[in-house]
2 protein chains.
Amino acid sequence: MATIRDVAKLAAVSVATVSRVLNNNGYVNKETKEKVQQAIQLLQYEPNTMAKGLAGKKTETLALVLPDISNPFFSEVARAVEDVAQLYGYTVVLCNTDSDTDKEQTYIQVMKRRYVDGMLFASNTLRAADVLMLNKANIPLVVLDRAPANVPCLVVRSKNNEGAKLAIRHLLDTGCRRIAHIYGPQETATGKERLIGYEEAVRSFPWYSPTLMEPGQFSIQGGMAAAEKLMERHPDIDGIFAGNDLMALGALKKLQQLGIPVPGRVSLIGFDGIELTRITEPELSTIAQPIYEIGATATRLLIKKIEGVQLENETYECEVELMARGSTRGNAEAGR
Amino acid sequence: MATIRDVAKLAAVSVATVSRVLNNNGYVNKETKEKVQQAIQLLQYEPNTMAKGLAGKKTETLALVLPDISNPFFSEVARAVEDVAQLYGYTVVLCNTDSDTDKEQTYIQVMKRRYVDGMLFASNTLRAADVLMLNKANIPLVVLDRAPANVPCLVVRSKNNEGAKLAIRHLLDTGCRRIAHIYGPQETATGKERLIGYEEAVRSFPWYSPTLMEPGQFSIQGGMAAAEKLMERHPDIDGIFAGNDLMALGALKKLQQLGIPVPGRVSLIGFDGIELTRITEPELSTIAQPIYEIGATATRLLIKKIEGVQLENETYECEVELMARGSTRGNAEAGR
DNA sequence: CTGAAAGCGCTTACAG
DNA sequence: CTGAAAGCGCTTACAG
């Protein structure tokens, strides 16, 4: 492998000059530049990223920390992150935490010693101490969904509460009169906020009861189990709002197994807008977040921060959108 | 950030000694070792990975090149790769190629200059020249599914031909008498081999016709379109073998939209065994590859190669397994 | 506009 | 068992 020294020798200049044309900074005479570029061509020279990183204090690497890449929501986010990163010349390192605090700690340490230029957190276990530590280590940070309390940091998130209310209004509008909720883990901001949105939207109704709420761990299995319990407990339920699409998918499957027509007898709506909502028959109505946009925006913000743009430590809230499809009444023919 | 120098000073030894205890190589007196470890503790010292990489010629980084992380098959693979890598102290860099040769070339260059310790290719566009180049650059390589012709390299793959035949046999066993095939891109090994397996299994039947084969691009959309065409062209089809699960999922959706009972009138089977095959009702029968195992095995082999273990450039073939579930006849109650 | 030199934070023979 | 020193391949003030 050719080094910058070889190029310098061949072009009969100093390594400093080669470095200048390489990075396009500092003045360099046009002819000199051409000589250097020819040498680079000839030697097929490619700069060593590590040496560059060590000398220049930049690695052009981003760490993406998420619970599980095989969860379709996060793989869509990851795709967006990598696309944008690639556009700006950054490389993405993948970290699966399984929402396990220990694993997350390990990764934070590992990424710190790798001197990643920035971190993107889409995991729920980030604590205030971690944020502080990263600040101290001078590693820019963008958090998805949830900021630890009392520490300033950049957050990109969706309007969960509003989305939940949108879901309930849609179910009411399409004739539902007894609406249950399958909720996600209450340690997560998304799980909690959507549950609160549901409660706020329905608690004034005479039919409201806490027994209309059932946890589903944000998973397909959890959604199936929750739907089964709910229908057993309240056979007159005619609408279900699931806190994410995975649980809604599980609920749909269970309802179909039980022979309960969707949306004929029970309307069903999820939250997130992952691609999978389109693979079932009927297609799943959902409150869609702009998943790709969230990942892309977060990455752009992170890169800006890395490149020294002063950003307020604010929260970027993304709009959510009702996708009325086959699984809610009046939309059986929609989305085809 | 403390450096190795700070540690050396505090422990009153040389940096060489610190390096030795850090890497646990070379002799070092027990008491000295303890002194050093205490200093490390005190200073909260963490070695700089880049400096280590530059000096030691190792980055402990693996590049994972795949078409698209948001494809569930690849996100399952990625999860396995990262798990194993993490276990051995390696970090994984993500590269989405969209099966685009240009993007792939770019990534190969970028990863080369980053001096990744090894590459895992799960993309179909790898060419013989690339393999040779990586060999020359001394970057160990493991390929998933497909090896370019005429160049030695390590390949991990599944028994596609055999799997296709297993699928056809299952359809025949459960009473199908006219079986169609939705096939994947013929530039891919998987797409091609499964199509060949299908042809070999059915061509001796009197009902066989080339018009029973329809391309579906390995996608849900493609699967839907293909299923529609097939049923229009041959309304008497009573079994469909799709070359992957995504296309099978698309076919299932289309059949349900058309009001064609599955498996009542048409039995359906996919290939891959992704998790999504369980979310539909009926669940999808499929020829399962051990996806996680494939990713894990490939990563272990790659790490062995990196660590200097001599490996034959052979092909590791994984077994496939018939998962008979609700979408094929006689299994309507299976898998619940 | 260009070069010499120091330095980034490690590892690794080589002496001792 | 331990240290001095060279070197990994770059960048970046500092002179000129």
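Throughout, read-outs are computed from the coordinates displayed, never taken from laboratory work. Nothing here was measured: the structure is a model prediction, and the numbers come from that model. All Cβ positions, even for glycine, are placed from backbone atoms using ideal geometry, and neighbour counts span all protein chains on display.
Tell me, how many Å apart are the Cα centres for region B:34-79 and for region A:1-36? Spelled out, the Cα-based centre of one part sits 32 Å from the other. Using a 10 Å Cβ count of at most 16 others and DSSP loop calls, identify the longest part of chain A lacking such GluC sites (Glu not before Pro). In short, A:1-186. Straight-distance candidates among the lysines for linking to B:LYS304, with alpha-carbon spacing under 22 Å and chain neighbours fewer than 8 residues away dropped: B:LYS52, B:LYS57, B:LYS58, B:LYS112, B:LYS136. Connecting C-alpha atoms closer than 10 Å in a GNM of chain B, tell me which of B:ASN71, B:ASN23, B:ASN161 has the biggest fluctuation. In the Gaussian network model the winner is B:ASN23. For region A:160-289, the number of Lys pairs with C-alpha atoms closer than 21 Å, counting only pairs eight or more positions apart or on separate chains, is 4.
Of all the options B:SER285, B:SER158, B:SER204, the one that moves most in a Gaussian network model of chain B with Cα springs shorter than 10 angstrom is B:SER204.
The helix-based estimate of mean residue ellipticity at 222 nm for the protein assembly as shown, built from -39,500 (n - 2.57) per DSSP H run of four or more residues and divided by its residue count, is -14000 deg cm²/dmol to the nearest 500. By definition, a body whose alpha carbon gyration tensor gives a ≥ b ≥ c is oblate when a/c is 1.5 or more and a/b is not larger than b/c, and the protein assembly as shown fits this oblate description. Comparing A:TYR292, A:TYR88, A:TYR107 in a Gaussian network model of chain A, where Cα atoms under 10 Å apart are tied by springs, the biggest mean-square fluctuation is seen for A:TYR88.
Would you mind classifying region A:160-289 by shape? Square roots of the alpha carbon gyration tensor eigenvalues, ordered a ≥ b ≥ c; an a/c under 1.5 is rounded, otherwise it is prolate if a/b is larger than b/c and oblate if not. Rounded, since a/c falls under 1.5. For region A:75-146, the dipole from Cβ point charges (+1 on Lys and Arg, -1 on Asp and Glu) about the Cα centre works out to 340 debye, to the nearest 20.
Label-to-label distance, B:GLN105 versus B:LEU132, with points set 7 angstrom from Cα along the beta-carbon direction: 1.5 nm. Restricting region B:192-254 to trypsin sites (Lys or Arg not before Pro) that sit in a DSSP loop and have at most 12 other Cβ atoms within 10 Å of their own Cβ leaves B:ARG203.
Per-residue shielding of B:72-84, expressed as the average number of other chain Cβ atoms within 10 Å of the residue Cβ, stands at 4.
Using a simple spin-label model with pseudo-atoms 7 Å out from Cα toward Cβ, A:TRP207 and B:ILE260 lie 3.9 nm apart.
Quick one: label points 7 angstrom along Cα→Cβ at B:VAL151, distances to the other copies in nm, smallest first? In nanometres, ordered from closest: 4.6. Computed about the Cα centre, the dipole magnitude for the protein assembly as shown is approximately 1640 debye when only Lys and Arg (+1) and Asp and Glu (-1) carry charge, each at its Cβ.
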